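Notes to accompany the following structure.
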Amino acid sequence: QVQLEESGGGLVQAGGSLRLDCAATGRTFSTYVVGWFRQAPGKEREFVGAISRSGGTMYADSVRGRFTISRDNAKNTVFLQMNSLKPEDTAVYYCAARDSALRSSIPERYDYWGQGTQVTVSS
């Protein structure tokens, strides 16, 4: 069983940066793939990126080059560094975990979810 909690959301101007943290409980968290997703009002949940247990990453085209995912397994935490933020990045951001060696962009393949944190980018 894994429990996830996101933090670090807030209001930022376009062009600014934020870092989101995803803290997990559970001794085996280091073996989990962790994904980041976001959902804007009236839209479906959207894949942002994912990181494997070994640190390999994949990103959505819309954020590649601006967002970076990393993890500190000793601290049971995964980070989402967001730079050059745009108003269209405004959404509730969720981290999710799956007990697999394979990263995935499909929300249904993730077993555990955090409660989400709001990110608002003003123009």
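The values are calculated or read from the model by the stated rules, or taken from the named source; none is laboratory data. Because the structure is a prediction, the values reported are computed rather than measured. Because the Cβ atoms are built from the backbone with ideal geometry, glycine has one as well, and the counts that use them run over all protein chains shown. SASA here: full protein model, heavy atoms, side chains in, ligands and nucleic acids out. Shrake-Rupley method; radii C 1.70, N 1.55, O 1.52, S 1.80 Å.
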Legend entry - Net charge, Leu102 excluded, C-beta distance under 15 Å - Lys, Arg +1, Asp, Glu -1: +1
Inset, instruction - Report the local net charge at Asn83: Lys and Arg +1, Asp and Glu -1, summed over other residues whose C-beta lies under 10 Å from its C-beta. - result: +2
Inset, instruction - Take the alpha carbon gyration tensor of segment 67-111, find the square roots of its eigenvalues, order them as a ≥ b ≥ c, and report rounded if a/c is under 1.5; if not, report prolate when a/b exceeds b/c, else oblate. - result: oblate
Legend entry - J(HN,Hα) series, segment 96-107, from Karplus relation 6.51 cos²θ - 1.76 cosθ + 1.60, nearest Hz, glycine and proline x: 9, 10, 9, 7, 7, 8, 9, 6, 8, 9, 9, x
Legend entry - Peptide ranges 50-56, 18-24 listed from the most packed, as the mean C-beta count within 10 angstrom indicates: 18-24, 50-56
Inset, instruction - Assuming R0 = 35 Å, can you tell me the calculated FRET efficiency for the pair Lys86 and Ser30, based on Cβ-Cβ distance, to the nearest 0.05? - result: 0.60
Inset, instruction - Leaving ligands, DNA and RNA out of it, report the carbon-plus-sulfur percent of the accessible area of the chain at a 1.4 Å probe. - result: 45 percent
Legend entry - Length gained when the stretch Ala101-Ala40 is fully extended (0.36 nm per residue, less Cα-Cα span): 19.1 nm
Legend entry - Cα-derived Rg to Rh of segment 11-65, Kirkwood definition: 1.01
Legend entry - Compactness relative to 2.2 N^0.38 Å, alpha carbon Rg of the chain: 0.97
Inset, instruction - For Ala23 paired with Thr57, estimate the spin-label separation in nm (one decimal), with each label point 7 Å from Cα along the Cα-to-Cβ line. - result: 2.2 nm
Inset, instruction - Roll a 1.4 Å probe over the protein chains and send me the accessible area per residue for segment 38-123 in Å². - result: 51 Å²
Legend entry - Neighbour net charge for Val63 - beta-carbon separation under 10 angstrom, K R +1, D E -1: +1
